[in-house]
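*Asks:* Sharing a structure, written as structure tokens. Questions coming.
The values are calculated or read from the model by the stated rules, or taken from the named source; none is laboratory data. What you see is a predicted model; the values in this text were computed from it and never measured. As a convention, Cβ positions derive from the backbone with ideal geometry for all residues, glycine included, and neighbour counts pool all protein chains shown. Surface areas here come from the heavy atoms of the whole protein model, side chains and all, with no ligands, DNA or RNA. Shrake-Rupley method; radii C 1.70, N 1.55, O 1.52, S 1.80 Å.
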Amino acid sequence: MPGIDIPIKRLFQRRPADWARYVQPDCREEWVRPYKTEYTPKKESRLDNVLEIDDPSSPYLLHFEPMGYRDEALPARMLRYRSDIWEATLAGGRGTPSIRQVVMFFYKEDDNGLHRLSDRWDTGGLEYSYTVIRVWEERRQPVITAKLVGLYPLLPLMKGDDAKESPEQALKKCIDAVQEIEDESLRQDLLAAMAILAGGKYPPDLVLSMIRREMVMESPIFQEWVREERAEAEARGKVEAKQDAICKYLRRRFGDASAGLQQEVREMASLEVLDGVMEELFAANTLEEAQAIIRDGMERFMQ
């Protein structure tokens with residue numbers, strides 16, 4: 001399934017008010033601005049979809065977390081993100097502003113179903129949760145009626161009014177909604193993001209036949225996504241080549257007894273770890289030494 005991080009991030013940056021209004025319909029566009037801070041969250045925090053909502057009655061921060069993969073530790077990660085934000089606001093003398101956190105799932109298989117944390121002790125306790133949006137449970141028409149064009153690429157993943165509509169009919173309705181947008185640049189970006197997202201639900205050949213390459217070629221979203229896909233494919237190729245080389249060495253050195261080790265090597269999808277493992281294996285004289293080296297490599301990969 002194509003990665004969705006780039007299109008979602010770009011849509012969020014281009015039309016932030018649409019996302020805010022989808023969650024909070026009474027939110028006005030002029031209240032919405034990106035949340036900026038000099039604070040750098042923990043390594044690989046990926047906390048970047050935060051808006052500041054200047055609601056005159058009660059200002060708050062709105063944090064979106066789009067989920068295009070399954071994460072069993074999601075609630076703990078979301079709690080850490082809240083802590084990251086408050087660490088920044090406390091350091092900046094702003095106290096602990098109200099934060100609304102929203103997790104948006106695009107595909108059923110990515111939802112682990114766990115979205116609440118609780119703890120108890122003698123002096124108090126913790127109850128933590130966040131808003132969950134499952135796109136496949138949402139209706140398509142309200143998004144079109146409200147003209148939340150930043151979310152139009154999600155339309156193929158939403159429910160239509162006709163439960164019996166075919167994939168072709170669903171995609172056509174969604175594409176037609178985008179085609180009504182006069183801004184050509186925005187239209188291309190929306191179609192490019194729609195093609196990427198729809199590819200996770202509909203047959204790729206169908207998506208490509210209806211959202212043709214020439215319709216999105218000039219879209220920065222499409223171009224950046226293609227570059228990322230190529231880079232990832234190249235990286236995967238290098239990892240697989242290194243795995244092949246290590247497995248070939250193990251077979252030649254230890255024969256069938258190394259079958260289990262070869263399987264573990266296939267699970268280490270890190271070029272840096274595999275380079276270290278290969279270098280150490282050359283100095284291994286016994287199968288037991290090879291097992292220890294690969295075990296240590298697996299531990300480094302899992303960290």
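*Asks:* Candidates [x] 1.04; [y] 1.64; [z] 1.22; which is the computed Cα Rg over 2.2 N^0.38 Å?
*Replies:* Entry [z].
*Asks:* Which value in deg cm²/dmol, rounded to the nearest 500, describes the helix-derived mean residue ellipticity at 222 nm for the chain, given -39,500 (n - 2.57) per DSSP H run of n ≥ 4 and division by the residue count?
*Replies:* Working: 11 runs with 148 residues, N = 303.
Helices in the chain give a 222 nm mean residue ellipticity of -15500 deg cm²/dmol.
*Asks:* Once the Cα gyration tensor of region 222-302 is found, what semi-axes does its equivalent ellipsoid get, as square roots of 5 times the eigenvalues, in whole Å, sorted largest first?
*Replies:* Values for region 222-302, descending: 28, 12, 9 Å.
*Asks:* Here's a follow-up. Efficiency by 1/(1 + (r/R0)^6): what FRET value for residue 228 and residue 285, r their Cβ-Cβ distance, R0 = 45 Å, to the nearest 0.05?
*Replies:* Using R0 = 45 Å, I get an efficiency of 0.60.
*Asks:* Kindly identify region 145-303 as rounded, prolate or oblate by the Cα gyration tensor criterion: order the square roots of the eigenvalues as a ≥ b ≥ c, call it rounded if a/c is under 1.5, otherwise compare a/b with b/c, prolate if a/b is larger, else oblate.
*Replies:* Here region 145-303 falls in the prolate category.
*Asks:* OK, next. Compute the Cα gyration tensor for region 248-288, then decide on rounded, prolate or oblate, letting a ≥ b ≥ c be the square roots of its eigenvalues: rounded whenever a/c is under 1.5, prolate when a/b is larger than b/c in the other cases, and oblate in all that remain.
*Replies:* Judged from the Cα gyration tensor, region 248-288 comes out oblate (a/c at least 1.5, b/c at or above a/b).
*Asks:* Between the DSSP loop rule and a limit of at most 15 other Cβ atoms within 10 Å, which trypsin sites (Lys or Arg not before Pro) in region 210-303 are left?
*Replies:* Answer by residue number: 212.
*Asks:* Over region 222-302, average the accessible area per residue using a 1.4 Å probe and give it in Å², no decimals.
*Replies:* Per residue, region 222-302 has 61 Å² of solvent-accessible surface.
*Asks:* Right, next: Across region 38-188, how many lysine pairs, 8 or more apart or on two chains, come within less than 18 Å at their alpha-carbon atoms?
*Replies:* On the way: 108/159; 147/159; 147/172; 147/173; 159/172; 159/173; 164/172; 164/173.
The number of close lysine pairs in region 38-188 is 8.
*Asks:* Now, a different point. Loop by DSSP (not H, G, I, E, B), at most 14 other beta-carbon atoms within 10 Å: where is the longest site-free stretch of the chain for chymotrypsin sites (Phe, Trp or Tyr not before Pro)?
*Replies:* 70-281
*Asks:* As an exercise, take the mean of 1/r over every pair of distinct alpha carbons in region 55-198, invert it, and state the Kirkwood radius in angstroms.
*Replies:* This gives a value of 17.8 Å.
*Asks:* Taking GluC sites (Glu not before Pro) as exposed when DSSP calls them loop (any state but H, G, I, E, B) and at most 16 other Cβ atoms lie within 10 Å, what is the longest stretch of the chain free of them, the sites themselves excluded?
*Replies:* 73-164
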